[in-house]
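Down below is the structure, laid out as structure tokens.
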């Protein structure tokens, strides 16, 4: 390997380690609670020593902020995508389902974690700012899509926002019931479509 | 006044003071935050001295537990009512809308407070237990109503639970947007009906 190729491989390994560390941390945070999870446990599960993990994340808070940043990126990507689309009536449903359908196991875990630990997040400057950026991006998506509603009333726009947030509502309604992720996503999807029909169909 | 009548009048005044204290406390908790509200402020707003308020509520925590108990009573009353009704298909919508329509300004404030302060509640034994009792009562309502679904799948039952909790979803979607209570309740009502149509209508 040339020095360049070796540096690239190291960067790739690094990105992979970082990504896996985030996944493992989120799993431990949701299973055992944020307070009761230590950097050492995350390092152990990851199979590296604490110093190696420390290289990527100097604190648990830094992990939490990074987890949030992933969701910020997704919400902002959705907004960018919506802004690029032609303004056809079916964009309403396509865009909302794009968000619901992107609910991977990790994302559902994130939603569960946030519902269970809002104050942990509020205490963190970085995470609080990220939470607001997710909210702002989804607000902006709702604003873009609201233009496509047959009637743009405060009530209709609120129902549209409920459709976008149906995955959160489904996670909330499923709380402590042990429904599988597949059932939660399927219910959220049907709820989102039913809500859009309610405000979209004036025929 | 006879001694009896006077005792009754005193009890009535007491119940009224207690009720108003709860209302004022909830208002201050949601406006300024639980931590930043003192018993003295609540007493001042109520127009009594701290000792008088103390007679009803020896601590802020006691007020919070009492506020929760109000919601427990409402959820348990809904469950008792549902159990008394004949099992006709329209009970599904009637029962769900009964819960949504009972969303007074106070109840919406309570939902907002709980979303904003879940950890405050978890720290309180009494409130935690009340929260679970509200959850249990609404779970039991969902179980009763699920028997009326044309198809009782995990997915359909979850959408039914989302319909029951639509007021919480509407409050969540409206967060920090300043929608009026009337708009929030109207959106929740339309969402609940749309969700019930989604799982109820197999024709």
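The values are calculated or read from the model by the stated rules, or taken from the named source; none is laboratory data. The structure displayed is predicted, hence computed values, not measured ones. Ideal geometry is used to build each Cβ from the backbone, glycine not excepted, and the neighbour counts take in all protein chains shown.
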Pull up the range A:169-178, narrow it to residues that are surrounded by fewer than 23 Cβ atoms within 10 Å (Cβ to Cβ) and in contact with a helix residue (DSSP H, G or I) (Cβ under 9 Å, 6 or more places away or on another chain), then point me to the one that is modelled with the highest pLDDT. A:172
Scan the range B:49-56 and tell me whether some residue there is in a helix (DSSP H, G or I), at pLDDT 95 or above, touching a helix residue (DSSP H, G or I) at 6+ places or on another chain (Cβ under 6 Å) and closer than 27 Å to residue B:132 by Cβ. no
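Okay, residues lined up against (1) within 27 Å of residue B:137 (Cα to Cα); (2) part of a helix (DSSP H, G or I):
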site: B:6; (1), (2): no, yes
site: B:13; (1), (2): no, yes
site: B:26; (1), (2): yes, yes
site: B:29; (1), (2): yes, yes
site: B:35; (1), (2): no, no
site: B:40; (1), (2): no, yes
site: B:43; (1), (2): no, yes
site: B:65; (1), (2): yes, yes
site: B:69; (1), (2): yes, yes
How about the range A:147-162: which of its residues are facing chain B (nearest Cβ under 7 Å) and in contact (Cβ under 8 Å) with a residue 40 or more places away in the chain? A:159
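This table checks each residue for (1) surrounded by fewer than 20 Cβ atoms within 10 Å (Cβ to Cβ); (2) more than 12 Å from chain A (Cβ to nearest Cβ); (3) touching a residue at least 12 places away in the same chain (Cβ under 8 Å).
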position	(1), (2), (3)
B:64	no, yes, yes
B:67	no, yes, yes
B:84	yes, yes, no
B:101	yes, yes, yes
B:104	yes, yes, no
B:164	no, no, yes
Residues being more than 7 Å from chain B (Cβ to nearest Cβ) and crowded, with 23+ Cβ neighbours inside 10 Å: count how many of those fall in the range A:186-195. 2
Out of (1) at the interface with chain B (Cβ under 7 Å from one of its Cβ atoms); (2) closer than 20 Å to residue B:171 by Cβ, the one residue A:175 does not meet is (1)
Looking only at helices (runs of 4 or more DSSP H) that fall completely inside the range B:82-168, which ones have 1 or more residues that are under 30 Å from residue B:28 (Cα atoms), touching a helix residue (DSSP H, G or I) at 6+ places or on another chain (Cβ under 7 Å) and modelled with pLDDT of 95 or more? B:91-101, B:154-164
